[in-house]
Structure formats: structure tokens, C-alpha cells
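I have placed the structure first, in the form of C-alpha cells, so that the comments after it can refer back to it.
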Amino acid sequence: LQLCPRWLIMVEGVGDTPGAPALDDPKKGVWWGENLAGVRVAPVILSNPTKLVYSPHSYGPGVFMQPYFNQPDFPHNLDAIWDERFVFVQQTTGHPILIGEIGGVYTGK
């Protein structure tokens, strides 16, 4: 980091198998790269913490129909899902979140 002070270090999450603690159950519908639960037990530590950005991935039903897309409160249920998977990182560590991948296949709906 000292040799290139303009660089940012982007850290994406993991999926569910193997996954970070508490989100390693495939039935929870965790996307690859979305699970940042490991930050609770093993946060990334850099010599310059201002260069760290967590970068989860999140997708829509056009990629795969996760169970929570069919719940009656969808899309209002996404806040709680995202809080559990990655939003908490900014709230607990102060590090920024940048969604590294989002979206999916356009389905026309």
C-alpha cells in the first residue's frame, strides 16, 4: 500500500459452502460473494485501514429464484437479508461497502 497510495483493496464475500459462520447453510439462499459474515470473527486488517472496501455481490431472480423472492413481503424483505449478509459491515467497522456485482438476467418482468 505504501508503494501505490491510490490503490483500494476490495474484499468480496464468500458463498454458503464453505461459508462464513452463521451463513453457511445453502437453504438461506446466499449468493457467491455476498456472505461477509466472517467479518464478525476475522475482519480484514490492513496497514492503512482507509484503503479497505468490502464488495459483496447480490443478484435478482433472473439469475436464480431464491426462496425469499417468493415471500409475500418481497422486495421489502431485502433490507433485513442484506443487513445480515453485508450491510452490518459498514455499521460495525466503518468501512465502506461497494456492491461489486448486482443484477442478473433480464426476464422482462
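The values are calculated or read from the model by the stated rules, or taken from the named source; none is laboratory data. Computed from a prediction, not measured in an experiment: that's the story for all the values here. As a convention, Cβ positions derive from the backbone with ideal geometry for all residues, glycine included, and neighbour counts pool all protein chains shown. We work out accessible area using only protein heavy atoms, side chains counted, and drop any ligands, DNA or RNA first. Shrake-Rupley method; radii C 1.70, N 1.55, O 1.52, S 1.80 Å.
Using Cα springs under 10 Å in a Gaussian network model of the chain, which residue among Gly94, Gly19, Gly29 shows the largest mean-square fluctuation?
Judging by the Gaussian network model, the answer is Gly94.
If you take the beta carbon distance between Arg6 and Ile45 as r and set R0 to 22 Å, what does 1/(1 + (r/R0)^6) give as a FRET efficiency, to the nearest 0.05? Don't skip to the answer; put the middle values down first.
On the way: r = 20 Å, r/R0 = 0.93.
For Arg6 and Ile45, the calculated efficiency is 0.60.
Rounded to a whole number, what is D in µm²/s for the chain from Stokes-Einstein with the Kirkwood radius over alpha-carbon pairs (20 °C, 1.002 mPa s)? Mind dumping the intermediate values first?
Values: Rh = 14.8 Å.
D = 144 µm²/s.
Using a 1.4 Å probe on the protein chains only, how many percent of the accessible area of the chain belongs to carbon and sulfur? Show your work: numbers first, answer last.
Details: 4250 of 6980 Å².
Carbon with sulfur: 61 percent of the solvent-accessible area.
What is the gain in length, in nm to one decimal, between Glu84 and Met65 on full extension, counting 0.36 nm per residue of separation less the C-alpha to C-alpha distance? Before the final figure, lay out the partial values.
On the way: separation 19, 0.36 × 19 = 6.84 nm, distance 1.92 nm.
Gain in length upon complete extension: 4.9 nm.
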